[in-house]
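Remarks on the structure that follows.
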Amino acid sequence: MSDYQEMKAEQSELWRKLAEDIFKEKVNNVHTFKNLNEIVYILSRVGQSTAHNYTFTPSGGGNELADASISLEQGRLELKFDGNSVEIIEPVSLTFNPIGSNPDWWYYRINTKSFDPSGVYKKISIDVNENNSTEAYKSAEDKEQERLLSLYGEPVLEIAPKKYIDISYQEQGYLDYDEDGNEIPLPANARIIQRRHNGGDFVIFPKFSPYSTHTEFDGGHSKVKDEEFRNFISAIVAKLEK
């Protein structure tokens, strides 16, 4: 057995044990949670586990979830990913789906809903006649900003609890100038946050799952409802277990 195969087998067993530790004798049942504290507890267990995961985001791509915590924004939570990236989401539910006997196909789904943007970025609105499209009056830069915000939510720089500014200040390296013309530095604890105000759903698979290593990273899971995606995975597993 190759080193990769050994690691894959070890990780698969760790993923199973993680689920068994969380759900005990009901590990083979589908579980859905809507309480924010319960959702954070389970996601933090998943993120902090030695069983590595891959978390697919609504907009495509993904990262390894490292931890989760209650956000200072009421009703929301923070997802912390490998590399210290942080996303704020407003969860509707978290569902554990143990499909088949092979834990490589056991996954968690986080359903989220949209919420208000921070107001950091201007809303592009231009008054025109009824028969004309506003699109013709928007600059290429404005159109691109709208596209990115609609896909990924808004990247902001947090300089104090719940106080956000344009992320461009991070590259600038300072906030402004004081009365003597000296640069006002960014706070030492300033951090970049992605606010997923546009909603969308996440799925979390074990890192070495065939789904994680062979799927298209296009956010396709978020384009279908829970049941449809569960049926899709179930069909794959049923075929493999024949």
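The values are calculated or read from the model by the stated rules, or taken from the named source; none is laboratory data. Everything numeric here is computed off the predicted structure, so don't read it as measured data. Positions of Cβ are backbone-derived with ideal geometry, glycine not excepted, and every protein chain shown enters the neighbour counts.
Among the residues of region 217-242 satisfying the criterion of being in a loop (DSSP other than H, G, I, E, B) and not small (Gly, Ala, Ser), which is surrounded by the fewest Cβ atoms within 10 Å (Cβ to Cβ)?
The residue in question is LYS242.
What do you reckon, is VAL128 in the same structural domain as LYS34 (by TED's automatic domain parsing) and either modelled with pLDDT of 95 or more or over 18 Å from the mean Cα position of the chain (by Cα) (or both)? Spell out how you get there, then give the answer.
Working: in the same structural domain as LYS34 (by TED's automatic domain parsing): no; either modelled with pLDDT of 95 or more or over 18 Å from the mean Cα position of the chain (by Cα) (or both): yes.
Spelling it out, it is not the case that VAL128 is in the same structural domain as LYS34 (by TED's automatic domain parsing) and either modelled with pLDDT of 95 or more or over 18 Å from the mean Cα position of the chain (by Cα) (or both).
Could you please let me know if ILE236 is more than 18 Å from the chain's Cα centre (by Cα) and modelled with pLDDT of 90 or more?
Working: more than 18 Å from the chain's Cα centre (by Cα): yes; modelled with pLDDT of 90 or more: yes.
Answer is yes for this residue.
Looking at region 10-62 only, could you name the residues that are polar (S, T, N, Q) and part of a loop (DSSP other than H, G, I, E, B)?
Within region 10-62, the first condition is being polar (S, T, N, Q), and the residues that meet it are 11-12, 28-29, 32, 35, 37, 44, 48-50, 53, 55, 57, 59.
Those that are polar (S, T, N, Q) and part of a loop (DSSP other than H, G, I, E, B): ASN28, ASN29, ASN35, SER49, THR50, THR57, SER59.
Could you grab me the full set of residues in region 177-213 that are closer than 30 Å to TYR4 by Cα, assigned to a strand (DSSP E or B) and more than 12 Å from the chain's Cα centre (by Cα)?
PHE205, PRO206
How many residues does region 67-98 contain that are assigned to a loop (DSSP other than H, G, I, E, B) and either more than 30 Å from VAL237 (Cβ to Cβ) or out of contact with any strand residue (DSSP E or B) (no Cβ under 7 Å at 6 or more places or on another chain) (or both)?
Count: 10.
Taking HIS214 and the conditions (1) closer than 15 Å to TRP105 by Cα; (2) touching a residue at least 12 places away in the same chain (Cβ under 8 Å), which numbered condition does it fall short on, given that it satisfies the others?
Going through the list (1) closer than 15 Å to TRP105 by Cα; (2) touching a residue at least 12 places away in the same chain (Cβ under 8 Å), HIS214 breaks only (2).
For TYR169, only one of the following conditions fails: (1) surrounded by 16 or more Cβ atoms within 10 Å (Cβ to Cβ); (2) in the same structural domain as VAL86 (by TED's automatic domain parsing); (3) in a helix (DSSP H, G or I). What is its number?
Of everything listed in (1) surrounded by 16 or more Cβ atoms within 10 Å (Cβ to Cβ); (2) in the same structural domain as VAL86 (by TED's automatic domain parsing); (3) in a helix (DSSP H, G or I), TYR169 misses just condition (2).
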